[in-house]
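To start, the structure under review is shown below, and the notes come after it.
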Amino acid sequence: MGSGVDRYSGGRTRAISLAAAAGVLAWVALFVWLGASQEESGAASAAPPAPREEAASAADRGDAGGPRPDVVALAYGYDIQDERLVVGLSDNVFAGRVERVAASRPARTTIPGEGRPQTPYAVRVLAVVKSTGADPLGEGETALVNREGGLSPKTGRQQVVEAHYCGQHTIDRPLAVGGEYLFSTYYERRRKLHTLVAQPTGAMPIDSEEGRGAIVAAYRLASERQENPMTLAREGGEGAACD
């Protein structure tokens, strides 16, 4: 991976393989779920692995008293800091500006048995890195981008995601209206949503027009070298997507 990509990924965190038997079973379950989801949606490309939900401890959240958002820990079976893998799972990769929250109430997840809130945003496409799948995007279009998190239907409090991957973890935050991001998404035809492939790295902040050009160039390089982590896991074992 070139240094330009590392600059915007926060550095490459190298793998601590997930060796537990439960992880192996989770990968198998994800592949089964993906096949059923693909058949239902009719999408041209497979959706990325759905992350597993885990309990987030107070220590992980950094609780020190006072009001806190609800934190839901999601376990990814691949290195979400590796742009090659994120791009490889994505239908569309693009720079975009968040114009507004697209719904007054967050959308509910469609994953069976889960009630995590999801929030759709109207995003103006500014530059395209990858454009494939059932609804390829072009510059100037408006995309409905879906993010895990929002007002919890159970508690009424804001819910945020803590991503666990390859022995590391990081906490996501809501998208800012007016902010620019480099989005990596897969398309859900049934809901007409471009859902973030991984959080928080599915929406990388862009702080300037110059920064936009640099991160777009870096992700185009990643696109040339992209790999699908599901393929790596099938061919090299569960830990291969963390190496």
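The table that follows gives values for the structure above.
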item: Selection within the stretch 195-226 - in a loop (DSSP other than H, G, I, E, B) and touching a residue at least 60 places away in the same chain (Cβ under 8 Å); result: 197, 198, 199, 201, 202, 225, 226
item: Residues of the stretch 191-243 that turn out to be of a type in the set (Ser, Thr, Tyr) and within 22 Å of residue 120 (Cα to Cα), as a count; result: 2
item: Residues satisfying the stated conditions in the stretch 192-243, i.e. at positive phi and either charged (D, E, K, R) or in contact with a Pro (Cβ under 9 Å, 6 or more places away or on another chain) (or both); result: 192
item: Residue 160 being modelled with pLDDT of 95 or more, under 28 Å from residue 77 (Cβ atoms), surrounded by 15 or more Cβ atoms within 10 Å (Cβ to Cβ) and of a type in the set (Val, Ile, Thr); result: no
item: Candidate set: the stretch 209-219, residues that are touching a helix residue (DSSP H, G or I) at 6+ places or on another chain (Cβ under 9 Å) and not aliphatic (A, V, I, L, M); chosen: the one surrounded by the most Cβ atoms within 10 Å (Cβ to Cβ); result: 219
item: Test: residue in the stretch 227-238 that is in a strand (DSSP E or B), surrounded by fewer than 20 Cβ atoms within 10 Å (Cβ to Cβ) and either more than 18 Å from the chain's Cα centre (by Cα) or in contact (Cβ under 8 Å) with a residue 40 or more places away in the chain (or both); result: no
item: The stretch 166-194: number of residues that are part of a strand (DSSP E or B), among the acidic types (Asp, Glu) and under 22 Å from residue 242 (Cα atoms); result: 0
item: From 162, 148, residue being within 26 Å of residue 223 (Cβ to Cβ) and charged (D, E, K, R); result: 148
item: Residue in the stretch 85-102 that is surrounded by 15 or more Cβ atoms within 10 Å (Cβ to Cβ), in a loop (DSSP other than H, G, I, E, B) and at pLDDT 95 or above present; result: yes
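The values are calculated or read from the model by the stated rules, or taken from the named source; none is laboratory data. Keep in mind that this is a model prediction, so the values were computed, not measured. For neighbour counting, all protein chains shown are included, and Cβ atoms are generated from backbone atoms with ideal geometry for every residue, glycine included.
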